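Notes follow once the structure below has been shown.
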Amino acid sequence: VCMLCGRPESDLDVCGPMLEAHGICAHAYCLLFASSLFEHAIERGPGRWDFPIENIRRVIEEAAETHCFVCGESKATITCQESGCDNSFHLPCAVEGECITQFFPPYRAFCREHRPESAVEAAPGDTTCIICMEPVGDRQSYSTMVCPACRTAWFHRSCMQENAIHAGIVCFVCPGCRERDLFLLEMLTMGILIPLSLPSWITNDSPELEERHSRCDARQCLCPGGREQVEEEGSWQLLLCCSCAAEGTHRACSNLGDSATSWQCAGCA
Ligand SMILES: [Zn+2]
Ligand SMILES: [Zn+2]
Ligand SMILES: [Zn+2]
Ligand SMILES: [Zn+2]
Ligand SMILES: [Zn+2]
Ligand SMILES: [Zn+2]
Ligand SMILES: [Zn+2]
């Protein structure tokens, strides 16, 4: 089970793939939204994020007695971003609780009371969903949404979510007017998950919770403080292999000058 939401392997479109490393097992999207976890994420490359293991453990500990305001169970790791609000929930409970999770950095989440409202002022009248053709109800709501560009295309949140999963970010436009920019921004703000707006590490096969490598692996380590001692600069600064990042060396232990900033391990060189 995911240690952040307590659910087993569940709907990929809701929680994302299950990631496992260093005794932690968590859904990719649960990691993105868990309270204050993303602020500690380390960017390893464009759109690639690593989550330090100690922060994940702390979030899990802190959430042990936090109850979800939707289902009442404990281990609710996502807390509303509104200051002073401590409504917490599980990612799989978000829709039932009418919560919004914004799938773009900094991955903010809001409870029912504090979720962003659409700035579009329009009422559906007697309109049907442009996707499923069923009635949309008589006003904008969590489940009834409108295109901010044309303001005439109405749809159900669930229909648009399904549509977004199929379309992906490249083909994602208003099904009515085909407008893209305003539409995309509004849908992301209102919590629609659009694939490929996600960090690429989620689709990468390597173990992604990996701790940043932090020791010198030189055949002979010369550092007086030992292999684990790492300084901010100078001879005992640690360089990670620029190809695999899985091996490290103190500058001095591989005969590198203090100005060297990159290094390759023997396996990659
Ligand atoms: Zn989860
Ligand atoms: Zn819940
Ligand atoms: Zn709230
Ligand atoms: Zn619909
Ligand atoms: Zn439109
Ligand atoms: Zn060393
Ligand atoms: Zn290497």
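Checking the structure you have, find out if any residue of segment 87-108 is within 16 Å of ligand 4 (Cβ to nearest atom) and either touching an Asp or Glu at 6+ places or on another chain (Cβ under 6 Å) or not basic (Lys, Arg) (or both).
Scanning segment 87-108, I find at least one residue that is within 16 Å of ligand 4 (Cβ to nearest atom) and either touching an Asp or Glu at 6+ places or on another chain (Cβ under 6 Å) or not basic (Lys, Arg) (or both), so the answer is yes.
Scan segment 3-26 and tell me whether some residue there is within 30 Å of Asn163 (Cβ to Cβ) and within 16 Å of ligand 3 (Cβ to nearest atom).
Taking every residue of segment 3-26 in turn, none turns out to be within 30 Å of Asn163 (Cβ to Cβ) and within 16 Å of ligand 3 (Cβ to nearest atom).
Can you tell me which of Ala63, Ala41, Ala34 is of a type in the set (A, V, I, L, M), modelled with pLDDT under 90 and under 24 Å from Leu12 (Cβ atoms)?
Just a single option satisfies the conditions, and that option is Ala41.
Which ones in segment 47-73 are surrounded by 14 or more Cβ atoms within 10 Å (Cβ to Cβ) and small (Gly, Ala, Ser)?
Gly47, Ala63
In segment 1-37, how many residues are open to solvent by 30 Å² or more (accessible area, probe 1.4 Å) and assigned to a helix (DSSP H, G or I)?
3
Can you tell which of Cys265, Cys242 is surrounded by fewer than 19 Cβ atoms within 10 Å (Cβ to Cβ) and not assigned by TED's automatic domain parsing to the domain that holds Arg44?
Cys242
The values are calculated or read from the model by the stated rules, or taken from the named source; none is laboratory data. On a predicted model such as this, the values are computed, not experimentally measured, just so you know. Because the Cβ atoms are built from the backbone with ideal geometry, glycine has one as well, and the counts that use them run over all protein chains shown. To get the accessible areas, we keep the full protein, side chains included, count just its heavy atoms, and leave off ligands, DNA and RNA. Shrake-Rupley method; radii C 1.70, N 1.55, O 1.52, S 1.80 Å.
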